[in-house]
Amino acid sequence: MVWKQMARWAGPASVAIWLVALAVFGARLPFYDQMRHPVSLLGATGVPGAGSFNALGFVLPGLLAALAALGLVLRMPATASRPLRVAGQMLLLAGLAFAAMGVFPLDALDIENRASQAHASVWLLWLVAFCGGAAMLRVGAARDAAWRPVATLAVACAVWMLCSAFVFGSVMPVAMAQRLAFLGWALWLALLARLAPR
């Protein structure tokens, strides 16, 4: 019961902490422009306050997102279909991958080295895990009407995130497209507990 209560607030808390960290750490750097610079630059090796941003901007929000996904799994009945269970696991993995972006920070001086490649890899894992989880959630919801609202939200957010990651960058600064992808995930986390079956 305690875990379910914590998980209920984990999604909105994750979003709030991420937004505050982005605003506060971005404002601390005189050269940083939210419209032009990627979020990951705030946690890049050699940037002042990078360790703190990685902890508050990636690791903590990611762990809270994983807790929110765990709450979704705990709401599933013992008779839940396999697609629903797989969806829960993939959504949990997405939260852990988001946290891993803070564990494997970008190297601002060399975006082609192994450290930067590791950061890019966990970013892609975050995106793929969430979108895959959203698709599986929709498949599972086809047999259970109670799960359709949260599944519809997940799919809408996943499509938005994919467009932000791979399409919007051609018509706007990449940094803005990246933020739109993050905001799609934030919307999912903010509404997850409200739409998921009790």
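The values are calculated or read from the model by the stated rules, or taken from the named source; none is laboratory data. None of these values were measured; they are calculated from a predicted model. Don't worry about glycine lacking a Cβ; one is built from the backbone with ideal geometry, like all the others, and counts go over all protein chains shown. Accessible surface areas use protein heavy atoms only, side chains included; no ligands, DNA or RNA. Shrake-Rupley method; radii C 1.70, N 1.55, O 1.52, S 1.80 Å.
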### Message
Being modelled with pLDDT of 95 or more, open to solvent by 20 Å² or more (accessible area, probe 1.4 Å) and touching a Leu at 6+ places or on another chain (Cβ under 7 Å) is the requirement here; does L56 meet it?
### Response
no
### Message
Condition (residue is within 19 Å of the chain's Cα centre (by Cα), at pLDDT below 90 and over 28 Å from Q5 (Cα atoms)) applied to segment 97-114: is it met by at least one residue?
### Response
yes
### Message
With over 22 Å from P173 (Cα atoms) and free of Cβ contacts under 8 Å to residues at least 12 places away in the same chain as the only criterion, which of P77, P30 stands out?
### Response
P77
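Results for (1) modelled with pLDDT under 95; (2) more than 19 Å from W185 (Cα to Cα); (3) buried (at least 22 other Cβ atoms within 10 Å of the Cβ), shown as yes or no for each residue.
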{"residue": "W9", "(1), (2), (3)": "yes, no, no"}
{"residue": "I17", "(1), (2), (3)": "no, no, no"}
{"residue": "F25", "(1), (2), (3)": "no, yes, yes"}
{"residue": "R28", "(1), (2), (3)": "yes, yes, no"}
## Note on the structure
Within segment 140-194, the residues that are more than 30 Å from G26 (Cα to Cα) and not aliphatic (A, V, I, L, M) are G140, R143, D144, W147, R148, P149, T152, R194
### Message
Looking at segment 17-44 only, could you name the residues that are polar (S, T, N, Q) and outside any loop (DSSP other than H, G, I, E, B)?
### Response
S40
### Number of the exception - G62 against (1) surrounded by fewer than 18 Cβ atoms within 10 Å (Cβ to Cβ); (2) part of a helix (DSSP H, G or I); (3) not β-branched (V, I, T)
(1)
### Message
I need the helices (runs of 4 or more DSSP H) fully contained in segment 84-198, keeping only those with at least 1 residues that are small (G, A, S), open to solvent by 60 Å² or more (accessible area, probe 1.4 Å) and within 27 Å of A50 (Cα to Cα).
### Response
114-141
